[in-house]
1. For region 65-79, just list the computed ³J(HN,Hα) in residue order, Karplus coefficients 6.51, -1.76 and 1.60, θ = phi - 60°, integers in Hz, with x standing in for Gly and Pro.
2. Could you please state, rounded to a whole Å, how far the C-alpha centre of region 182-242 is from the C-alpha centre of region 150-167?
3. For Ala95 and Asp125 in one chain, what is 0.36 nm times their gap in residues minus the Cα-Cα distance, to one decimal in nm?
4. Quick one: with all protein chains in place, what share of the accessible area of region 43-287 is carbon or sulfur, to the nearest percent (1.4 Å probe)?
5. What residues qualify as long-range amide H neighbours of Glu242, i.e. H under 5 Å apart, gap of 5 or more or another chain, H built at 1.01 Å from N?
6. Can you pull the one-decimal nm distance between simple spin-label points at Asp116 and Asp283, each 7 Å off the Cα toward Cβ?
7. Which percentage, to the nearest 5, of the DSSP beta bridges contained in region 43-287 is antiparallel?
8. Which of the lysines could a cross-linker span from Lys57 if the Cα-Cα distance has to be under 23 Å and same-chain partners fewer than 8 positions apart are dropped?
Amino acid sequence: MAAPLFLRYPNFHTLLLNSTAPKSLSLVNFANMEASEITEQVEDKTREQEDLNVKKKKIFVAGATGSTGKRIVEQLLKKGFSVKAGVRDLDKARASLSSNNPSLQFVKADVTEGSDKLAEAIGDDSDAVVCATGFRPGWDLLAPWKVDNFGTVNLVEACRKRNVNRFILISSILVNGAAMGQLLNPAYIFLNVFGLTLVAKLQAEQYIRKSGINYTIIRPGGLKNDPPSGNVVMEPEDTLSEGSISRDQVAEVAVEALVYPEASYKVVEIVARPDAPKRSYHDLFGSI
């Protein structure tokens, strides 16, 4: 029979005082518990606290009815967050997203209308902002700058006005393609045809990084509406020049960036590859 814990671990009283294990445990029970049992109870208690913290948080999502934004909203709700969906068309939003969820709130928000209106939409109850906006190709060559550049800047300024210090941006690989030597990359050329879209996104990224806000900039590869195939590959900025990824996985990365402190103040590039090993998001963000 194994010796009681207090004989094997002379400093067990210090462990008890610093432990988050339930206070109802008596010293006698504690002394006779195996170390693995104590560890399990502490980890369970920590997970419970993390779940409670998540459920207390409300996330503002700009571009909530877009192809990626919608998935971010759905995954946030599934994870236990409350969501404030910033949309331009409230009727469209209610039709495309389940409006019966008490944790989901719709607010009118257009990133091109300035930071004051956005600050009003974000309100005092938002803990973080996820920017999943994107212009729609058309004849207006200034649209990328209105949405992907000035719109993102407006959103950052609105956060500062509301003292919201957590910002997640969905950007794109190749935004810094010129510095990467990718000027002749067909994807870089194509994405810049519509008003220098990647250049507009890069300018917005630089503004975020200088703003002092706690950011995570996510640069996905080519976006697919198909279900995930393959595991997420995460690399530092200005690394990936090709590859694709499911929008579902992009949404997952955005949501997990809110959970893991390792994601703070980082630019990450992501694609999915069938031959890539499956890694935890703790490891993925921690490796950058």
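1. 9, x, 4, 8, x, 4, 5, 5, 4, 4, 6, 4, 5, 5, 6
2. If you average the Cα positions of each part, the centres end up 20 Å apart.
3. Full-extension gain reported as 8.3 nm.
4. On the way: 5930 of 11900 Å².
Here carbon and sulfur together make up 50 percent of the probe-accessible area.
5. Result for Glu242 returns nothing.
6. Taking the simple label geometry, Asp116 and Asp283 are separated by 5.1 nm.
7. For region 43-287, the DSSP antiparallel bridge percentage is about 15.
8. Within reach: Lys45, Lys70, Lys78, Lys79, Lys84, Lys108, Lys117, Lys161, Lys266.
The values are calculated or read from the model by the stated rules, or taken from the named source; none is laboratory data. Predicted model, so just to flag it, every value in this text is computed and none were measured. Note: ideal-geometry Cβ built from the backbone for every residue, glycine included; neighbour counts use all protein chains shown. Please note that ligands, DNA and RNA were not included when accessible areas were found on the heavy atoms of the full protein model with its side chains. Shrake-Rupley method; radii C 1.70, N 1.55, O 1.52, S 1.80 Å.
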